[in-house]
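Structure record follows, encoded as structure tokens.
Values quoted throughout were computed directly from the atomic coordinates according to the rules given, and no laboratory measurement underlies them. Fair warning: this is a prediction, and the values are worked out from it, not measured in the lab. Counting neighbours? That spans all protein chains shown, and the Cβs are built from the backbone with ideal geometry, glycine included.
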Amino acid sequence: MRTTARWAMTVGLTATAVCGPLSGAALADAGQAPTALYAPSALVLTVGHGESAISATPERAVTLTCAPRPAGTHPAAAEACAELRGVSGDFDALTATEGVMCTKQYDPVVVTVDGVWQGQRVSYERTFSNECMKNAYGTGVFSF
């Protein structure tokens, strides 16, 4: 009888040690459980010639998803996501690359961004004086 009691106690303690940590998660309130492991970051970027998004016809559009990993139709998704993470998703904080020489030709190009960055709604529009200036801004976000 003592051997049976020891085996029963050993099995019970082993089951408690292995399954105990899991039972707390199973018993947690479902309202407090996260719905995802990361905040969504999915954007649609467009570019067109014109003074503003209202007057310009979009010529190209790409998608950019940065979480859980860089993806989408953006040709440099990994670089664009890294650049946006570096400025915490603030498109106004993107700066022009040093040493880029552009002409002063005025042929306005407008870029728009709509979507979600780390769970927050994003809507951005910027007009550049020409295509060279657009490509000089940042290293990869607007290069599509």
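Key figures for this structure:
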| quantity | calculated |
| --- | --- |
| DSSP-loop chymotrypsin sites (Phe, Trp or Tyr not before Pro) across region 30-134, with at most 11 other Cβ within 10 angstrom | Tyr106 |
| Relative packing of 77-84, 53-60, which averages over residues the other C-beta atoms within 10 Å, highest first | 77-84, 53-60 |
| Phi to ³J(HN,Hα) by Karplus 6.51 cos²θ - 1.76 cosθ + 1.60 over region 127-137, Hz, x for Gly, Pro | 9, 9, 5, 7, 4, 4, 5, 4, 5, 6, 6 |
| q = 0.23 Å⁻¹, region 77-135: log10 I(q)/I(0) [Debye, one scatterer per Cα] | -1.06 |
| Those trypsin sites (Lys or Arg not before Pro) in region 66-144 that DSSP places in a loop and that have at most 16 other beta carbons within 10 Å | Lys104 |
